[in-house]
Amino acid sequence: MADTSSVQGIMRGTIDSYADDGGAVAAPLGALLHPVSMPACRIRPWPRLVTYALCPADRLCYLWRTMSASEPTILHEDNHLLAVVKPAGLLVQGDRSGDPTLLEVCKAYLKAKYDKQGNVYLGLVHRLDRPVSGVVLLARTSKAASRLSAQFRARSVRKTYLAVVEGAPPALRGTLAHHLADRADAQGRTRCADALFTGSREGRLDYRVLSADPRRSVLLVEPATGRRHQTPAQLAAAGCPVAGDLKYGAPVGLPDRSIALHAWRLQCAHPVGGAPVSFEAPPPRHEPWPKTWPEPSGDPGP
């Protein structure tokens, strides 16, 4: 018989207890879909996450060591969209590590809530890197996925980030323009330079300083282009790497291996009807994020 001792005593939640108000849900996704009776799960180094297994009924069962800030929260749900907050440390989609992913957790949530048989469709139309937190928008139908993808390709989706950086940028607000490599180097970094180089594409972002102290600054950032690692690479090139981002020059890492970059707001047209929609994820409150700061408002840049 398989050893289940490593998953005993894990907190269980219930889908039924979720608060639903007019189709918009604000709830954690850490609910167990079945009792704990499965092969032992292996603990991964990312905080508080325990890997998943398939239950006998072929439903994905997700185990979370605590009901905490490490699990995502639903911002909005309707027949076409699901907007959630991705915590730092959780993959958006699978990789060779085999660790749990946001996509699988959300599919498990929908499967349980609507008692769906068979596979659940969720279209992934954009991504956040593993150490980054914030808004992720998923499509619940293939038509919604196609229309959202078209908006991302046309650069009509507005994405606004909050970042805590080491030091300060060159001015209180401005635009950064660099040339960025299409592919990562051997260390997984994206090359970023002032001058054009072979295989590079232009990257631009607007920023505004929200608050600052002698050590760090909090920025509102809006990329105008969508290059790989664009925001961390450009901020590092400007002399103010994202706090915790060792890959791009931060002096020290953060205890949870995150970086202080948060996808705060995403604005687009609803895929059915075209009405403007906006989703905001409250910024983190733990170190190095400030406990209080001016409400992010207005646009970054000049």
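The values are calculated or read from the model by the stated rules, or taken from the named source; none is laboratory data. None of the values given here were measured: they were computed from a predicted structure. Glycine also receives a Cβ, built like all others from the backbone with ideal geometry; neighbour counts cover every protein chain displayed.
Starting from residues that are assigned to a loop (DSSP other than H, G, I, E, B) and at pLDDT 95 or above, keep the ones in segment 76-91 and report whichever is surrounded by the fewest Cβ atoms within 10 Å (Cβ to Cβ).
79
I'd like the residue in segment 230-265 that is under 15 Å from the mean Cα position of the chain (by Cα) and hydrophobic (A, V, I, L, M, F, W, C) and, out of all such residues, is farthest from residue 178 (Cα to Cα).
264
Only one of 150, 168 is in a loop (DSSP other than H, G, I, E, B), surrounded by fewer than 19 Cβ atoms within 10 Å (Cβ to Cβ) and either at pLDDT 95 or above or small (Gly, Ala, Ser) (or both). Can you tell me which?
Testing whether each residue is in a loop (DSSP other than H, G, I, E, B), surrounded by fewer than 19 Cβ atoms within 10 Å (Cβ to Cβ) and either at pLDDT 95 or above or small (Gly, Ala, Ser) (or both) leaves just 168.
Go through segment 153-165 and count every residue that is assigned to a loop (DSSP other than H, G, I, E, B) and of a type in the set (Ser, Thr, Tyr).
Of the residues in segment 153-165, the ones assigned to a loop (DSSP other than H, G, I, E, B) are 154-157.
Filter again for of a type in the set (Ser, Thr, Tyr), leaving 156.
Qualifying residue count, segment 153-165: 1.
Of all the strands (runs of 3 or more DSSP E) wholly in segment 187-302, which have at least 1 residues that are loosely packed, with under 13 Cβ neighbours inside 10 Å and of a type in the set (Asp, Glu)?
Hits in segment 187-302: 200-212.
Scanning for something under 12 Å from residue 177 (Cα atoms), modelled with pLDDT of 95 or more and of a type in the set (Ser, Thr, Tyr), does segment 200-210 turn up at least one residue?
yes
Residue by residue through segment 116-144, note down the ones that are buried (at least 19 other Cβ atoms within 10 Å of the Cβ), touching a Pro at 6+ places or on another chain (Cβ under 8 Å) and over 22 Å from residue 229 (Cβ atoms).
Matches in segment 116-144: 139, 144.
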